[in-house]
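Worksheet: the structure to be examined is printed underneath.
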Amino acid sequence: MVQDQINLIARIEQALTDPDPNRLRAVRGQLTVQVQRVESFVHGQLQSPQTFCMSQMDSSKKLLPLLNRLTTAPNQIYCSLYTSKQELVKLSPVLDRLLSRRGELALVRELPLVSGERQSDPVLSLAPVKYPQLGKPAVPFATLEPNLSAHTLATQAPSPEVGLIGRNRKTAIANYAAPVQPAITAPESAVASLSTAKQMLMAVQGVFPPEIRFTDPWENAAILDRFAYDLDPQEPKIYAGFLELPGTGIFRVLRSSVYQRPLNTVWNRLQPNVNERYPFPSLGDAKDGFNPSLALHMVGERFKLVDQGLDYSLMVEVGDIPLEKLDEKLQLVPSPTRELLLNYQPPKDLEALQIDKRRFLTGKHQNNPENVVILSHAAAELNHTYVVRSLQFQVSEKILNGEAISPEELQKIPGSDIILAFRPVRRRSDGSYTVLWRVLKEF
């Protein structure tokens with residue numbers, strides 16, 4: 001019963017900030033059942049649990065001898081269950097109130113009658129009554145979102161379509177506005193009650209015999225989250241020798257879909273997303289709020305850097321070359337690819353800069369010697385090395401709004417121009433990769 005109550009607290013915490021009304025309805029019913037279970041059990045063990053437990057809470061040395069066979073440990077367990085239950089009872093009206101608000105986000109269907117009798121639709125008498133499945137998310141009202149993606153992420157290369165800064169663009173659907181995701185916070189009173197109930201149950205676990213093991217749902221959730229998105233704990237240890245080199249690191253390259261909200265779903269925009277929980281590795285020291293990063297993800301079966309704003313990159317697969325043998329002169333990289341990576345000069349004009357970005361994204365109109373075409377993405381190959389020329393800029397609001405800026409302001413815009421290499425060393429069943437990376441040169 002203690003474990004069930006701990007698990008219920010964890011589920012209620014999740015439901016308080018989840019936009020799905022079915023999750024709230026489920027924990028509301030589970031709360032009613034758990035309260036009745038604890039009431040019946042504790043009243044079967046103690047004659048007056050409220051009086052007894054209050055006296056025990058005030059002074060543990062003056063336990064009332066209500067039951068001759070009970071020792072101190074059972075009394076502590078009974079009272080922890082009872083007092084934590086009293087805290088959870090306070091949540092019943094809170095959950096009822098929140099459920100009415102969640103009904104503004106998704107459809108709340110009628111629950112089945114307890115007696116099992118049939119109930120006909122008040123308007124369409126022949127239509128069957130559709131009951132909800134509380135284990136599945138409720139149907140959101142903001143459904144039928146159009147898929148504005150210009151490509152199929154699972155099978156094709158990245159789309160050549162890029163945003164243009166400083167000019168207007170046509171949208172896929174005229175005057176379309178994406179639905180605003182809700183911002184949901186848990187009431188402070190509910191958080192306080194859950195915290196008190198949790199502390200009581202956690203404290204009493206030490207009273208049980210050592211062979212009884214409790215599970216921590218919060219710890220389990222954290223472990224599963226790291227399993228889905230983070231490195232295995234052993235991987236940094238395996239490559240500890242390489243990671244001792246300066247300018248090196250290891251991280252997990254995830255599929256681009258994990259950073260995107262699926263269509264026709266509702267998210268709480270205040271909850272940290274995957275990128276906030278597991279940020280991309282930093283490539284240098286932050287300066288004036290600008291911090292270049294290795295924003296690498298999987299688009300289909302290709303590696304690609306997340307090129308936002310004016311950022312863009314040149315990526316080349318150079319075969320099975322160990323990262324330790326690469327230097328800033330790229331001597332092991334075949335020519336003329338080496339010369340293109342080292343000698344490329346980014347334009348200083350905004351329009352020309354965006355033209356170059358499109359050239360490396362599409363591979364068109366590059367006019368390089370010996371017809372060498374360099375793209376900003378490359379097919380993923382395990383145990384192959386990739387060399388990247390990454391250019392990143394901190395775009396100001398004036399540039400985003402198409403306003404004119406002076407040359408002095410332009411010179412103050414932070415940016416980075418880095419040559420780095422990465423090497424995928426493990427592929428998982430979900431299509432993600434563990435990669436080692438190393439900064440080779442900073443321009």
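Laboratory data are not the source of any read-out in this text; all were calculated from the coordinates shown. Predicted model, so just to flag it, every value in this text is computed and none were measured. Cβ coordinates were reconstructed from backbone atoms using ideal geometry, including for glycine residues, and neighbour counts include every protein chain displayed.
Laid out as a table, the results:
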| item | result |
| --- | --- |
| Correct choice for Cα Rg over 2.2 N^0.38 Å that was computed from the model, options (1) 1.08; (2) 1.32; (3) 1.13 | (2) |
| Full-stretch length increase - residue 3, residue 264 - with 0.36 nm per residue and alpha-carbon distance subtracted | 90.4 nm |
| Table column - 3J(HN,Hα) (Hz), region 296-303, Karplus curve with 6.51, -1.76, 1.60, x for Gly and Pro | 9, 8, 9, 10, x, 10, 10, 7 |
| Size of charge dipole - the chain - debye, nearest 20, with Cβ of Lys, Arg +1 and Asp, Glu -1, no other charges | 1000 debye |
| Quarter of the Cα convex hull surface for region 229-442, i.e. its orientation-mean projected area (nm²) | 13.9 nm² |
| Of 265, 309, 248, farthest towards positive along the dipole that unit charges on Lys, Arg, Asp, Glu beta carbons give the chain | 265 |
| 377, 43 arranged by Cβ crowding within 10 Å, fewest neighbours leading | 43, 377 |
| Summed side-chain charge close to residue 100 - residues other than residue 100 whose Cβ falls under 13 Å, Lys, Arg +1, Asp, Glu -1 | +3 |
| R0 of 41 Å, Cβ-Cβ distance residue 207-residue 143: FRET efficiency to nearest 0.05 | 0.25 |
| GluC sites (Glu not before Pro) restricted to region 287-346 and DSSP loop, no more than 11 other C-beta within 10 Å | 328 |
| Sparse-neighbourhood loop sites, GluC sites (Glu not before Pro) in region 372-443 - DSSP loop, at most 10 other Cβ within 10 angstrom | 403 |
| Nonlocal amide H pairs with residue 255, under 5 Å, H built at 1.01 Å | 298 |
| Residue order, fewest to most beta carbons within 10 Å, for 208, 41 | 208, 41 |
| Sites matching chymotrypsin sites (Phe, Trp or Tyr not before Pro) across region 323-418 that sit in DSSP coil, with at most 15 neighbouring C-beta atoms within 10 Å | none |
| Region 271-395: proportion of alpha-carbon pairs further apart than 23 angstrom, % | 37 percent |
| Under 5 Å, built H, 5+ apart or other chain: amide partners of residue 90 | none |
| Nonlocal amide H pairs with residue 312, under 5 Å, H built at 1.01 Å | 391 |
